[in-house]
Ligand code: ATP
Ligand code: MG
């Protein structure tokens with residue numbers, strides 16, 4: 001067990017990395033998951049490692065969608081299970097959603113381990129093990145889902161999803177909420193609600209918004225959903241990255257001059 005000092009300036013990033021390492025050791029996270037983590041960290045660094053006002057708004061809209069849904073499903077892969085297992089179980093409870101394990105590199109062993117890991121964190125029913133339905137337009141292994149899970153869902157939350165599958169799910173007519181730190185990635189670009197934020201911050205914040213909104217009338221939730229502009233959210237994240245970099249450059253310039 002590595003001790004990370006809480007006053008370290010990059011505490012959260014080190015903690016995240018450590019959880020992914022542990023996930024790999026436990027057989028929950030794949031080696032490709034380590035690479036995905038590295039890509040995510042780079043974008044989080046550029047975004048300032050905090051939830052931007054625009055991401056916070058998208059998280060509120062996601063909460064409204066999940067509360068309005070007839071059958072919401074939260075999709076779980078190896079990185080997601082390693083980073084936010086308990087937080088996901090809590091969100092599923094608050095919005096009454098199913099949890100379904102869905103892997104890019106699908107192996108029976110890893111599926112079982114992730115389901116077990118979620119149960120250890122309080123999940124009662126974990127879907128994704130039956131794999132008795134297919135997403136149209138994807139190769140066999142990538143297409144597998146549960147008939148009474150993602151296949152049947154009207155709203156799906158897919159954090160860190162691969163672009164092809166995100167597109168195929170959207171084509172099935174599902175309302176897709178994607179969490180991804182890279183605003184240029186295809187997955188958030190195909191989403192009805194792109195959330196450009198670290199999943200570690202995003203999931204608890206969606207839960208908090210859901211608690212806030214759960215007693216609102218449907219008409220109010222529908223208004224929140226209708227007013228959302230996905231394009232504007234992606235642009236805001238890109239702007240944040242460009243302006244953050246420009247600001248740091250100006251700072252270094254000032255240091256050199258003084
Ligand atoms: P592309 O979409 O650009 O074709 P890809 O989706 O195949 O690439 P991956 O590395 O498989 O690339 O995707 C992982 C994605 O998950 C990256 O976009 C990365 O920013 C994102 N990501 C990684 N860790 C996190 C995290 N903790 N929170 C949110 N997003 C994350
Ligand atoms: Mg992607």
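The values are calculated or read from the model by the stated rules, or taken from the named source; none is laboratory data. These numbers come from a predicted model, not from an experiment. Reconstructed Cβ throughout: ideal geometry from the backbone, glycine too, with neighbour counts over all protein chains shown.
I'm trying to understand the selection: among the residues of the range 99-139, which are in contact with a strand residue (DSSP E or B) (Cβ under 8 Å, 6 or more places away or on another chain), farther than 19 Å from residue 19 by Cα and not in a loop (DSSP other than H, G, I, E, B)?
Residues satisfying the conditions are 99, 100, 126, 127, 133, 134.
Among the residues that make up the range 218-233, is at least one of them in contact (Cβ under 8 Å) with a residue 60 or more places away in the chain, within 16 Å of ligand 1 (Cβ to nearest atom) and buried (at least 18 other Cβ atoms within 10 Å of the Cβ)?
Checked against the condition, which is being in contact (Cβ under 8 Å) with a residue 60 or more places away in the chain, within 16 Å of ligand 1 (Cβ to nearest atom) and buried (at least 18 other Cβ atoms within 10 Å of the Cβ), the range 218-233 yields at least one hit.
Looking at 155, 126, 95 in this structure, which one is within 23 Å of residue 185 (Cα to Cα) and touching a residue at least 12 places away in the same chain (Cβ under 8 Å)?
Of 155, 126, 95, the one residue that is within 23 Å of residue 185 (Cα to Cα) and touching a residue at least 12 places away in the same chain (Cβ under 8 Å) is 155.
Criterion first (in contact (Cβ under 8 Å) with a residue 24 or more places away in the chain and part of a helix (DSSP H, G or I)) does residue 20 satisfy it?
Criteria met by residue 20.
Looking at (1) closer than 27 Å to residue 18 by Cα; (2) out of contact with any strand residue (DSSP E or B) (no Cβ under 9 Å at 6 or more places or on another chain); (3) in a helix (DSSP H, G or I), can you tell me which one residue 203 breaks?
(2)
Please determine, by comparing only the residues of the range 152-170 that are more than 15 Å from ligand 2 (Cβ to nearest atom) and surrounded by fewer than 18 Cβ atoms within 10 Å (Cβ to Cβ), which one is farthest from residue 229 (Cα to Cα).
Taking the candidates together, the pick is 152.
Based on what the data block shows, is residue 75 within 16 Å of ligand 2 (Cβ to nearest atom) and either in a strand (DSSP E or B) or at pLDDT 95 or above (or both)?
Values: within 16 Å of ligand 2 (Cβ to nearest atom): yes; either in a strand (DSSP E or B) or at pLDDT 95 or above (or both): yes.
So residue 75 passes the test.
Here are some residues: 208, 253. Which one is exposed (fewer than 13 other Cβ atoms within 10 Å of the Cβ) and assigned to a helix (DSSP H, G or I)?
Step by step, each of 208, 253 is checked, and only 253 is exposed (fewer than 13 other Cβ atoms within 10 Å of the Cβ) and assigned to a helix (DSSP H, G or I).
What is the residue count in the range 159-194 for residues that are on the phi > 0 side of the Ramachandran plot and either part of a strand (DSSP E or B) or within 14 Å of the chain's Cα centre (by Cα) (or both)?
Number satisfying all stated conditions: 1.
Would you point out the residue of the range 171-186, among those that are free of Cβ contacts under 8 Å to residues at least 40 places away in the same chain and either out of contact with any strand residue (DSSP E or B) (no Cβ under 9 Å at 6 or more places or on another chain) or under 15 Å from residue 65 (Cα atoms) (or both), that is nearest to ligand 2 (Cβ to nearest atom)?
186
Quick check on the range 158-168. Is at least one of its residues within 16 Å of ligand 1 (Cβ to nearest atom), farther than 27 Å from residue 20 by Cα and without any contact (Cβ under 8 Å) to a residue 40 or more places away in the chain?
yes
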